[in-house]
Amino acid sequence: MPHTASRPAADTLSEADLERLQALLDALPAPLEPLDVSMLDGYLCGVLLQPEPVPLAAWLPPLLDSEGRPTPARVNDELLALLRRRHKELNVAIAGRQWFDPWIFELDDDAEPSETVLPWVAGFAHALDAHPALMKLPEEPLLEPLAAIYLHLDPDDLEDADTLLEEIESLEPPADLEEAVEGLVSAVLMLADVSRPLKAPPRPAGRTAPHGAQRRRGPPPRR
């Protein structure tokens with residue numbers, strides 16, 4: 001089951017929507033290898049953290065085929081509508097520094113937290129490979145949140161990333177799945193502070209400008 005909010009917004013995709021979305025992805029013709037719904041959720045977060053907006057024509061093909069093969073000239077309208085809805089929902093949350101529920105599906109009771117969140121993290125990493133502008137920003141402010149996400153990957157998958165690996169080694173692994181999920185959401189919002197900084201409100205006439213933008217943070221929704 002995915003971690004879903006107890007009080008979903010009106011446009012939040014339901015479990016039936018998720019099942020339909022996965023079915024539409026599975027129906028794409030061979031040899032396409034689309035991301036599954038958990039991977040595409042991490043992928044969309046990576047897309048939305050880019051310093052400049054990524055148009056649909058650029059973010060859709062790597063989602064429909066992870067190997068970069070040519071995608072169909074026409075994509076199912078229902079599939080596009082569901083993808084656009086999730087893209088919009090995540091964009092609103094990230095732009096407003098609001099907590100959101102990543103599409104992470106619980107495995108069996110013996111699964112480690114990192115094993116459970118791995119598809120989402122893999123999708124996020126796929127986005128940064130396909131859209132590298134985020135990684136061209138100054139490294140230092142990116143290290144902590146990227147390490148909080150990439151700690152779930154096998155270190156062998158992080159070649160030539162010595163500084164990031166050092167940062168990962170300084171972190172404690174999450175104690176349980178809930179902590180792992182919270183860590184992903186927090187890291188996404190921290191990255192947004194770097195790549196999509198909040199604009200300071202206009203200075204009121206005759207008053208001192210605010211010291212700085214305050215993050216809209218709160219406890220994650222309870223399951």
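The values are calculated or read from the model by the stated rules, or taken from the named source; none is laboratory data. Model, not experiment: these values are computed from the prediction. Glycine also receives a Cβ, built like all others from the backbone with ideal geometry; neighbour counts cover every protein chain displayed.
Among the helices (runs of 4 or more DSSP H) confined wholly to the range 36-107, which include 1 or more residues that are surrounded by fewer than 19 Cβ atoms within 10 Å (Cβ to Cβ)? Outline the logic, then answer.
On the way: elements: 37-48, 56-64, 77-95.
So the answer is 56-64, 77-95.
State the number of residues belonging to the range 179-196 that are free of Cβ contacts under 8 Å to residues at least 60 places away in the same chain, buried (at least 18 other Cβ atoms within 10 Å of the Cβ) and under 11 Å from the mean Cα position of the chain (by Cα).
1
Quick one: in the range 158-177, which of the residues that are in contact (Cβ under 8 Å) with a residue 24 or more places away in the chain and assigned to a helix (DSSP H, G or I) is farthest from Ile104 (Cα to Cα)?
The qualifying residue farthest from Ile104 (Cα to Cα) is Thr163.
State yes or no: is Val117 of a type in the set (Val, Ile, Thr), buried (at least 18 other Cβ atoms within 10 Å of the Cβ), modelled with pLDDT of 95 or more and over 26 Å from Pro197 (Cβ atoms)? Break it down into steps so the answer makes sense when it comes.
Details: of a type in the set (Val, Ile, Thr): yes; buried (at least 18 other Cβ atoms within 10 Å of the Cβ): yes; modelled with pLDDT of 95 or more: yes; over 26 Å from Pro197 (Cβ atoms): yes.
The answer is yes for Val117.
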